[in-house]
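The values are calculated or read from the model by the stated rules, or taken from the named source; none is laboratory data. Not measured: the values here are computed from a predicted model. Here the Cβ positions follow ideal geometry from the backbone for every residue, glycine too, while neighbour counts run over all protein chains shown. Side chains included, ligands, DNA and RNA excluded: accessible areas come from the protein's heavy atoms. Shrake-Rupley method; radii C 1.70, N 1.55, O 1.52, S 1.80 Å.
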Amino acid sequence: TGTVTGFNKAGATLELGFDLPGFVPNGKVSQRRNDRAKQVMKIGDKITARVLQVDTKPYGYTKPAQIQVSMIHLPVFDADTISVKLGEEVTGTVTGFKQYGAILDLGLALPGFVHVNKMAKNR
């Protein structure tokens, strides 16, 4: 758990009780990828998060030493509860891009992903 201590354009800073400050990026504050930290929390809020990465050395001016966390808690489920079967065609909405593919909202508990090698070349 941590306490929100401030905001910047990339997310929220946190006090986690360690020597390093905590940071939750905007894309990790909720399941809805477009939510921003300022929209879902305020200074002084207590949050529960999981550690993603511990950066013990600063990287230039853009990345301080910090503990990066995520407020997105992945649901627990087993293969019998998944409503989509392997090979089934589904429709979704592209919600973001990475260098290696596209992130999709399929209306399921977790986002989908299409690797660039699986995308049609003519679209």
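Restricting the range 28-46 to residues that are open to solvent by less than 40 Å² (accessible area, probe 1.4 Å) and at pLDDT below 85 leaves a set whose member that is nearest to the chain's Cα centre (by Cα) is 30.
For the range 81-104, give me the residue count where each residue is of a type outside the set (Ser, Thr, Tyr), at pLDDT 80 or above and open to solvent by less than 80 Å² (accessible area, probe 1.4 Å). Within the range 81-104, residues that are of a type outside the set (Ser, Thr, Tyr), at pLDDT 80 or above and open to solvent by less than 80 Å² (accessible area, probe 1.4 Å) number 8.
Scanning the range 11-25 turns up no residue that is surrounded by 14 or more Cβ atoms within 10 Å (Cβ to Cβ), modelled with pLDDT of 85 or more and part of a helix (DSSP H, G or I). Kindly indicate whether any position in the range 47-67 is in a loop (DSSP other than H, G, I, E, B), modelled with pLDDT of 80 or more and either open to solvent by less than 40 Å² (accessible area, probe 1.4 Å) or touching a helix residue (DSSP H, G or I) at 6+ places or on another chain (Cβ under 6 Å) (or both). Yes, because at least one residue in the range 47-67 is in a loop (DSSP other than H, G, I, E, B), modelled with pLDDT of 80 or more and either open to solvent by less than 40 Å² (accessible area, probe 1.4 Å) or touching a helix residue (DSSP H, G or I) at 6+ places or on another chain (Cβ under 6 Å) (or both). I need every pair where a residue in the range 16-39 that is free of Cβ contacts under 8 Å to residues at least 40 places away in the same chain has its Cβ under 6 Å from the Cβ of a residue that is among the polar types (S, T, N, Q) and assigned to a helix (DSSP H, G or I), sequence separation at least 6 or different chains. Close Cβ pairs satisfying both conditions: 36/26; 37/26. For residue 76, the test of being open to solvent by 40 Å² or more (accessible area, probe 1.4 Å), modelled with pLDDT under 85 and hydrophobic (A, V, I, L, M, F, W, C) is passed. Of the residues making up the range 40-53, those that are in contact (Cβ under 8 Å) with a residue 40 or more places away in the chain and not hydroxyl-bearing (Ser, Thr, Tyr) are 44, 45, 46, 47, 49.
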